[in-house]
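**Q** Sharing a structure, written as structure tokens. Questions coming.
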Amino acid sequence: MSDVIEVLFVCMGNICRSPTAHGVMRHLVATRGLAHRVRVDSAATHDYHPGEPPDRRTVAHARRRGYDLSDLRARQVGRDDFARAHHVLVMDAANERAVAALCPPEHLPKVRRLTAHLRRLDHDHVPDPYYGGPEGFEVVLDLCEDACAGLLEALVAEGRAAEA
């Protein structure tokens, strides 16, 4: 087993929520000097946008907070992702059901909602901002920032991501 911790964020299309979490977590990991210990990825439960960049609104809102998502491209989650990832973090109940249907049974314990790592905010899911207004993208960022910080603290606390 590799010493690198693999974290995979999953939403429906991999163009709004999971790339936001991907960008936030990647930034936090780099800021803490842990990029050599924690690898971040994101994927979709559905094959709606393969190869496409994140939604332009997602990119714009993330950029305003200092996150660069320009290199990310949508892809669908595959069976090998479950074997590789140590943590598979989904955004809502529908993603959880879709991932459970795709995930080999031995890897199901790795699947949790990202909101399980919230420290300050109180939500049971990260809402899909796609059909809403700008405030939805800000809510997604707020939730991802809080939950990703909580996840990183948990990884450090359990000794899985010792700082350099």
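The values are calculated or read from the model by the stated rules, or taken from the named source; none is laboratory data. Given the structure is predicted, the values throughout are model-derived calculations rather than measurements. Cβ placement follows ideal geometry from the backbone for every residue including glycine, while neighbour counts extend to all protein chains displayed. The area values use the complete protein model at the heavy-atom level, side chains included, leaving out ligands, DNA and RNA. Shrake-Rupley method; radii C 1.70, N 1.55, O 1.52, S 1.80 Å.
**Q** When you scan segment 52-70, do you find a residue that is loosely packed, with under 15 Cβ neighbours inside 10 Å and either among the acidic types (Asp, Glu) or within 13 Å of the chain's Cα centre (by Cα) (or both), even just one?
**A** Yes, the conditions are met somewhere in segment 52-70.
**Q** May I pose another question? Residue check: is PRO134 in contact with a helix residue (DSSP H, G or I) (Cβ under 9 Å, 6 or more places away or on another chain), open to solvent by 20 Å² or more (accessible area, probe 1.4 Å), touching a residue at least 40 places away in the same chain (Cβ under 8 Å) and not β-branched (Val, Ile, Thr)?
**A** Numbers: in contact with a helix residue (DSSP H, G or I) (Cβ under 9 Å, 6 or more places away or on another chain): yes; open to solvent by 20 Å² or more (accessible area, probe 1.4 Å): yes; touching a residue at least 40 places away in the same chain (Cβ under 8 Å): yes; not β-branched (Val, Ile, Thr): yes.
Taking the combined requirement at face value, the residue satisfies it.
**Q** What residue, of ASP128, ASP68, ASP92, ASP124, is closer than 18 Å to ARG39 by Cα and acidic (Asp, Glu)? Walk me through it before giving the result.
**A** Values: ASP128 fails: closer than 18 Å to ARG39 by Cα; ASP92 fails: closer than 18 Å to ARG39 by Cα; ASP124 fails: closer than 18 Å to ARG39 by Cα.
Just one listed residue meets the conditions, ASP68.
**Q** Quick check on my filter: what residues within segment 126-148 are over 15 Å from the mean Cα position of the chain (by Cα) and in a helix (DSSP H, G or I)?
**A** Across segment 126-148, the qualifying residues are PRO134, GLU135, GLY136, GLU138.
**Q** Let me ask something else. If I ask for residues that are of a type in the set (Asp, Glu) and either under 16 Å from ARG63 (Cα atoms) or at pLDDT below 95 (or both), which ones from segment 1-46 would you list?
**A** At the first step, the residues of segment 1-46 found to be of a type in the set (Asp, Glu) are 3, 6, 41.
ASP3, the sole residue that qualifies.
**Q** Output the number of residues of segment 76-125 satisfying the condition of being in a helix (DSSP H, G or I) and among the aliphatic types (A, V, I, L, M).
**A** Taking segment 76-125 and keeping what is in a helix (DSSP H, G or I), we get 79-84, 93-102, 105-110, 114-117.
Cutting the leftovers down to among the aliphatic types (A, V, I, L, M) gives us 83, 93-94, 98-102, 108, 114, 116.
Total satisfying the criteria: 11.
**Q** Still on this structure, I have one more. Checking the conditions here, which among GLU138, GLU96, GLU145 is among the charged types (D, E, K, R) and farther than 23 Å from VAL59 by Cβ? Break it down into steps so the answer makes sense when it comes.
**A** Numbers: GLU138 fails: farther than 23 Å from VAL59 by Cβ; GLU145 fails: farther than 23 Å from VAL59 by Cβ.
After ruling out the rest, the residue left standing is GLU96.
**Q** Does segment 15-51 hold any residues that are touching a residue at least 12 places away in the same chain (Cβ under 8 Å), hydroxyl-bearing (Ser, Thr, Tyr) and open to solvent by 70 Å² or more (accessible area, probe 1.4 Å), and which are they?
**A** Step one: filter segment 15-51 for residues touching a residue at least 12 places away in the same chain (Cβ under 8 Å), giving 15-29, 32-34, 36-51.
Now restrict to residues that are hydroxyl-bearing (Ser, Thr, Tyr): 18, 20, 42, 45, 48.
Passing the criteria: only TYR48.
**Q** Criterion first (of a type in the set (Lys, Arg) and closer than 16 Å to ASP142 by Cβ) does ARG64 satisfy it?
**A** Numbers: of a type in the set (Lys, Arg): yes; closer than 16 Å to ASP142 by Cβ: yes.
Taking the combined requirement at face value, the residue satisfies it.
**Q** Does THR45 satisfy the criteria of being out of contact with any Ser or Thr (no Cβ under 6 Å at 6 or more places or on another chain) and over 22 Å from GLY150 (Cα atoms)? Can you show your working first?
**A** Details: out of contact with any Ser or Thr (no Cβ under 6 Å at 6 or more places or on another chain): yes; over 22 Å from GLY150 (Cα atoms): yes.
For THR45, the condition - out of contact with any Ser or Thr (no Cβ under 6 Å at 6 or more places or on another chain) and over 22 Å from GLY150 (Cα atoms) - is met.
**Q** Then there is this: Could you list, in sequence order, all residues of segment 84-116 that are over 17 Å from ASP128 (Cα atoms), of a type outside the set (A, V, I, L, M, F, W, C) and in contact (Cβ under 8 Å) with a residue 40 or more places away in the chain?
**A** ARG84, HIS86, HIS87
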